[in-house]
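The values are calculated or read from the model by the stated rules, or taken from the named source; none is laboratory data. Keep in mind that what you see is a predicted model, and the values were worked out from it rather than measured. Cβ sites come from the backbone with ideal geometry, for glycine too, and all protein chains shown count toward neighbours. The protein model used for the area step is the full one, side chains on, heavy atoms only, and it has no ligands, DNA or RNA in it. Shrake-Rupley method; radii C 1.70, N 1.55, O 1.52, S 1.80 Å.
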Amino acid sequence: MDNLNLISNFAEFKELKNIDKSTMIGVLEDVFRHTLSKIYETDDNFDVIINPEKGDLEIWRSRVVVEDGTVENAQMQIAVSEAKEIDPTYEIGDEVADQVRLESFGRRAVLSLRQNLASRILDLEKANLYERYSGKVGEIVTGEVYQVWKKEVLILDDDENELILPKTEQIPNDFYRKGDTIKAIVKSVEMNNNNPRIILSRTADQFLERLFEQEVPEIYDGLITIKKIVRIPGERAKVAVESYDERIDPVGACVGMKGSRIYTIVKELRNENIDVVNYTANTQLMIQRSLNPAKISSITLDEEKKTASVYLKPDQVSLAIGKGGLNIRLSKMLTGYDIDVYREVEEEDVALTEFADEIESWIIDALRAAGCDTAKSVLELPVEEIAARADLEVEQAQKVVEILKAEFEE
């Protein structure tokens with residue numbers, strides 16, 4: 001039986017994507033020595049010589065020459081007369097090296113060797129893949145979509161390793177077809193039934209951080225630091241940045257000339273709106289910057305309870321809250337403070353709390369949480385919007401409006 005036939009050509013092993021040459025030689029030698037131990041009870045007197053360049057291997061057995069009739073172990077010793085048939089110069093006490101052919105192993109042993117070798121190579125590839133990607137956790141990888149399922153997408157990297165992007169780690173607007181190129185961060189690497197499972201993510205905050213590093217050289221070089229990232233994937237994100245060089249404007253550097261740098265990131269994130277904020281340790285100023293584009297009139301802090309009461313002009317309230325409440329929600333996440341927004345009360349206006357005897361307290365609380373803390377701030381809105389903001393029935397909102405109107409009609 002031919003050596004190359006047994007191991008399916010060494011050239012094939014040299015192409016294995018996750019195994020280096022020296023490791024491969026070690027595995028081959030180990031597998032052959034295991035087979036030798038089973039056939040000859042020991043492999044101590046065998047040399048396994050592997051030549052990956054030529055694609056072949058040789059097995060040599062060493063035996064000590066003893067007197068005729070004194071051979072106790074035919075695997076370790078050889079009679080002098082038999083040795084002289086190989087080479088007449090051999091004497092008692094010499095070592096005889098003879099080549100062992102694979103054909104002598106027997107068909108069953110060769111089949112077992114094949115299976116053992118294939119299994120060891122597969123296990124080695126799995127272990128190396130796990131180790132390789134464990135070192136890539138938190139890094140961006142690019143791959144090609146191979147298959148799209150309901151709950152996840154199967155992606156192949158450049159070496160055709162399988163990567164998984166679960167539905168829960170996809171941006172809501174993500175849509176993929178087979179053959180599409182995809183960029184994501186390595187979130188985790190797990191071992192399931194001895195198979196490495198590499199999980200990717202496009203919703204992780206760290207994915208946005210890595211995108212900034214790719215697009216903004218000052219961040220990659222350490223001149224600008226990302227202090228914190230908060231995001232609602234596919235909708236909006238806030239990034240607090242700080243510069244260690246006074247000559248560098250961190251916000252301007254991140255946005256780029258005419259928005260060129262931020263545009264690339266926004267496009268990758270399916271038009272996720274990104275606010276870049278200049279970080280400061282001053283809590284009041286940080287809250288003010290986080291609520292941009294709203295203009296704050298005044299802020300009252302309770303550092304113990306981590307709460308902030310923010311007062312704004314009537315036309316700034318909706319800007320502070322943002323569409324669907326996203327702006328204030330992200331501001332809370334970015335600053336770590338529970339922020340309540342209040343409209344500056346005009347003299348002729350009336351605070352909602354004055355209507356506690358006519359309007360249920362939970363409705364007043366809901367309206368205040370939605371940025372409507374005075375009668376006029378509620379009356380300025382359509383009934384449908386009042387209902388949507390405070391999670392009321394339209395009839396309930398209409399009743400609230402009637403009560404408030406009555407106050408001013410009097």
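Between ASN282 and ARG132, the FRET efficiency from the beta-carbon distance, with R0 = 51 Å, is close to 0.70. Packing-based ranking of 333-341, 56-64 yields 333-341, 56-64, ordered from highest to lowest mean Cβ neighbour count within 10 Å.
Per atom type, the chain shows carbon and sulfur on 45% of its accessible surface, probed at 1.4 Å. The dipole here belongs to the range 179-297: it is taken about the Cα centre, uses +1 on the Cβ of Lys and Arg and -1 on the Cβ of Asp and Glu, and is about 400 debye.
Which of TYR133, ASN173, LEU208 sits closest to the plus end of the dipole of the range 83-234, meaning its Cα is farthest towards the positive end, when Lys and Arg get +1 and Asp and Glu get -1 on the C-beta? Highest projection toward the positive end goes to ASN173.
Run the dipole for the chain about the Cα centre, Lys and Arg Cβ at +1, Asp and Glu Cβ at -1, nothing else charged, and hand back the magnitude in debye, nearest 20.
Values: 51 positive and 80 negative charges, 168 e Å.
Its charge dipole is roughly 800 debye.
I'm spelling it out carefully: the read-out is Rg and Dmax of the Cα atoms in Å, the candidates are (i) 21.0, 67; (ii) 36.8, 131; (iii) 37.0, 125, and one was derived from this structure. Which label? Computed from the coordinates, Rg and Dmax of the Cα atoms in Å corresponds to (ii).
Please compute the net charge surrounding SER297, taking Lys and Arg as +1 and Asp and Glu as -1 over other residues with Cβ under 11 Å from its Cβ.
+2
Using per-residue counts of other Cβ atoms within 10 Å, averaged over each peptide, order 212-222, 147-157, 299-309 from highest down. Working shown, then result.
Details: 212-222: 16.3, 147-157: 14.6, 299-309: 13.1.
Ranked by mean Cβ neighbours within 10 Å, highest first: 212-222, 147-157, 299-309.
Inter-part distance, the range 283-345 to the range 67-107, computed on C-alpha centroids, equals 91 Å. Selection among ALA390, ILE265, THR280 by position relative to the dipole of the chain gives ILE265 as farthest towards the positive end (Cβ unit charges, Cα centre).
When ligands, DNA and RNA are left out and all protein chains stay put, how many square angstrom of accessible area per residue does the range 272-352 have with a 1.4 Å probe? Intermediate results must be reported in sequence, preceding the final value.
Working: 4140 Å² over 81 residues.
Computed with neighbouring chains in place, this is 51 Å² per residue.
About the centre of its Cα atoms, the range 305-351 shows a dipole size close to 540 debye [charges on the beta carbon of Lys, Arg (+1) and Asp, Glu (-1) only; nearest 20 debye].
How much mean residue ellipticity at 222 nm does the chain get from its helices, if each DSSP H run of length 4 or more adds -39500 (n - 2.57) and you divide by all residues, to the nearest 500 deg cm²/dmol?
-11000 deg cm²/dmol
Counting Lys and Arg as +1 and Asp and Glu as -1 over every other residue whose Cβ lies under 9 Å from the Cβ of LYS228, the net charge comes to +1.
Counting only protein heavy atoms and a 1.4 Å probe, the range 24-113 has 58 square angstrom of accessible area per residue.
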